[in-house]
Amino acid sequence: MSQSIEAAIRAIVTNEVAAAEARLLEKLSAQPDRTMDIPEAAEHLGISEQLLYRMCRLKQIPHERYGVLGSKKPTVKIRMSDLEEWRAQQRAANCIVASEGRQ
């Protein structure tokens, strides 16, 4: 009898967790993409602001520039989704594939 109660509780908890996860994913996907400035993005990546500015200047990382054409100090913004996509590409590029390196 206690096994059937435990199984029922387990089923209820599993269903509730799945429903909560679905609600959370729906809320997260409905949120607009967050835009960060250089200090926020640098902190998120764990690199210096100077390095991030250099990467933007060399077009090594996706970013948006705002300001007058030819401005020496335009405002630079980076979207979180672009940053995470770039990070995934970096991980893939820096990953050793199992078939490589074997001879």
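Note on N15 and R91: with the Förster distance fixed at 30 Å, the Cβ-Cβ geometry gives a FRET efficiency of about 0.30. Please report the orientation-averaged projected area of segment 35-93, defined via the convex hull of its C-alpha atoms, in nm². With the hull built on Cα positions only, its mean projection is 3.9 nm².
Dipole magnitude for the chain: about 580 debye, using +1 per Lys or Arg Cβ and -1 per Asp or Glu Cβ, origin at the Cα centre.
Exposed loop sites were defined as trypsin sites (Lys or Arg not before Pro) in DSSP loop states (anything but H, G, I, E or B) carrying at most 13 other C-beta atoms within 10 Å; in the chain the longest segment without such a site runs 1-33. Computed over the chain, the Cα gyration tensor eigenvalues convert (square root of 5λ each) into semi-axes of 43, 23, 10 Å, ordered from largest to smallest. Would you be so kind as to identify which of V13, N94, Q60 lies farthest towards the positive end of the dipole of the chain, taking Lys and Arg as +1 and Asp and Glu as -1 on Cβ and the Cα centre as origin? It is Q60, whose Cα lies furthest towards the positive end.
We did not get these values from a lab; they are worked out from the coordinates using the rules stated. Note that this is a predicted model, so its numbers are computed, not measured. All Cβ positions, even for glycine, are placed from backbone atoms using ideal geometry, and neighbour counts span all protein chains on display.
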